[in-house]
Amino acid sequence: MHVSLISVEELKKPDARRIIIDTRLRKPYETAHIGGAIWMRWEEWCEQAPDYAGESLKAPGYWGKLADPVQNAFAKRLGDIGITNDAEIVVYSAGPRSRGSDGRVAWMLLYLGANNVRLLDGAWQDWLDQGGLVEAGCPVMVEKKFELKPQEVRRALLSDWQDQIINGGAIAIDTRTKPEFMGECHDYQPRKGRLPGSVSVPFGTMFDSNRKYVSRDQYLNRLPAASPKPIVTYCEVGVRAATVSLLHEIYTGEIIPVYDGSIMEWALDPSLPML
């Protein structure tokens with residue numbers, strides 16, 4: 001399984017084996033998107049928040065834990081929209097303001113068994129700025145076959161990681177903003193704050209002034225000091241965390257699991273400590 005960046009220049013070169021996925025909101029997608037791109041939103045692949053979580057967390061986008069791939073027929077759903085395991089899959093968004101929707105979809109596809117997933121560096125705006133061709137409406141879907149091959153190394157489940165995080169046996173990289181990290185915003189959360197022993201590496205620092213991803217050296221300078229402890233990324237709902245995890249893999253070759261339950265799941269359990 002391989003993840004990489006792709007430039008607008010490379011994406012402009014035709015490739016019949018390539019699948020392009022647009023992760024922006026539906027209306028902007030239907031108005032204009034990269035030619036042939038299919039639409040996919042991360043929220044449609046999440047489980048429903050528990051009944052005791054309250055109504056606010058049941059709204060789309062407020063609960064990020066991935067649904068069970070088998071029970072929810074992920075293989076068929078992906079095949080129905082033309083996704084295959086062996087295609088080159090390019091995922092893009094509206095850039096930093098999409099808060100990692102492309103990274104989350106890319107991470108999910110890699111976790112489920114896609115072999116070659118790429119993030120468009122510069123995103124939608126760079127495509128427009130460089131004169132990339134666009135189209136409106138929705139393309140006709142060609143049904144294909146996708147086989148589930150879960151890569152569990154990419155995902156951090158609460159049951160497997162909570163003791164390590166609580167006892168200091170793992171480093172939790174918090175990819176939210178500094179105010180979120182300090183518990184200064186978002187009253188809709190079950191509890192505000194951060195996981196024990198968290199280190200702040202904000203998602204917003206992954207981009208330069210041109211909306212492109214920072215260089216390898218710039219990325220490495222944003223990381224905490226090297227440690228033999230295992231690392232996991234998280235955010236509010238496991239979206240921004242996915243982008244940071246994939247960028248880490250692209251630049252270092254090391255796979256960091258994403259805690260897709262993130263703050264919402266952790267904070268919902270009053271027995272789990274927060275700072």
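Hey, among Trp39, Trp45, which residue is more than 27 Å from Ile256 (Cβ to Cβ) and modelled with pLDDT of 95 or more?
Trp39
So the check is Cβ under 6 Å with 6+ separation or different chains; which pairs have a first residue in segment 80-100 that's touching a residue at least 40 places away in the same chain (Cβ under 8 Å) and over 30 Å from Arg176 (Cα atoms) and a second one that's in a loop (DSSP other than H, G, I, E, B) and of a type in the set (D, E, K, R)?
Asp80/Glu143; Gly82/Lys144; Thr84/Lys144; Asn85/Glu147; Ala87/Arg17
Which pairs have Cβ atoms under 8 Å, sit 6 or more apart or on different chains, and link a residue in segment 24-39 that is farther than 20 Å from Ile83 by Cα to one that is surrounded by 17 or more Cβ atoms within 10 Å (Cβ to Cβ)?
The qualifying pairs are Pro28/Ala94.
Scanning segment 1-52 for residues that are among the hydroxyl-bearing types (Ser, Thr, Tyr) and outside any loop (DSSP other than H, G, I, E, B), which turns out surrounded by the fewest Cβ atoms within 10 Å (Cβ to Cβ)? Write out each step before concluding.
First pass over segment 1-52, keeping only residues among the hydroxyl-bearing types (Ser, Thr, Tyr): 4, 7, 23, 29, 31, 52.
Keeping just the survivors that are outside any loop (DSSP other than H, G, I, E, B) gives 4, 29, 31, 52.
Values: Ser4: 13, Tyr29: 21, Thr31: 11, Tyr52: 8.
Only one residue tops the list, namely Tyr52.
Output the residues belonging to segment 201-250 that are of a type in the set (Val, Ile, Thr), assigned to a helix (DSSP H, G or I) and crowded, with 19+ Cβ neighbours inside 10 Å.
Thr243, Val244
Let me confirm something: among Arg176, Arg104, Arg97, which residue is assigned to a loop (DSSP other than H, G, I, E, B) and either among the charged types (D, E, K, R) or at positive phi (or both)?
Residue meeting the stated conditions: Arg176.
Please determine whether any residue of segment 75-90 is in contact with a strand residue (DSSP E or B) (Cβ under 8 Å, 6 or more places away or on another chain), assigned to a strand (DSSP E or B), open to solvent by 10 Å² or more (accessible area, probe 1.4 Å) and more than 30 Å from Ser159 (Cα to Cα).
So far as segment 75-90 goes, yes, one or more of its residues are in contact with a strand residue (DSSP E or B) (Cβ under 8 Å, 6 or more places away or on another chain), assigned to a strand (DSSP E or B), open to solvent by 10 Å² or more (accessible area, probe 1.4 Å) and more than 30 Å from Ser159 (Cα to Cα).
For Pro190, which of the numbered conditions (1) assigned to a helix (DSSP H, G or I); (2) open to solvent by 30 Å² or more (accessible area, probe 1.4 Å); (3) touching a Pro at 6+ places or on another chain (Cβ under 9 Å) fails to hold?
The one condition Pro190 does not meet is (1).
In segment 107-155, which residues are open to solvent by 50 Å² or more (accessible area, probe 1.4 Å) and assigned to a helix (DSSP H, G or I)?
Correct list: Gln125, Leu128, Asp129, Glu152, Val153.
The values are calculated or read from the model by the stated rules, or taken from the named source; none is laboratory data. Remember, it's a predicted structure, so these values are computed and weren't measured experimentally. When we count neighbours, we look across all protein chains shown, and the Cβ atoms used for this are built from the backbone with ideal geometry, even at glycine. Keep in mind that these areas ignore ligands, DNA and RNA; they rest on the heavy atoms of the full protein, side chains included. Shrake-Rupley method; radii C 1.70, N 1.55, O 1.52, S 1.80 Å.
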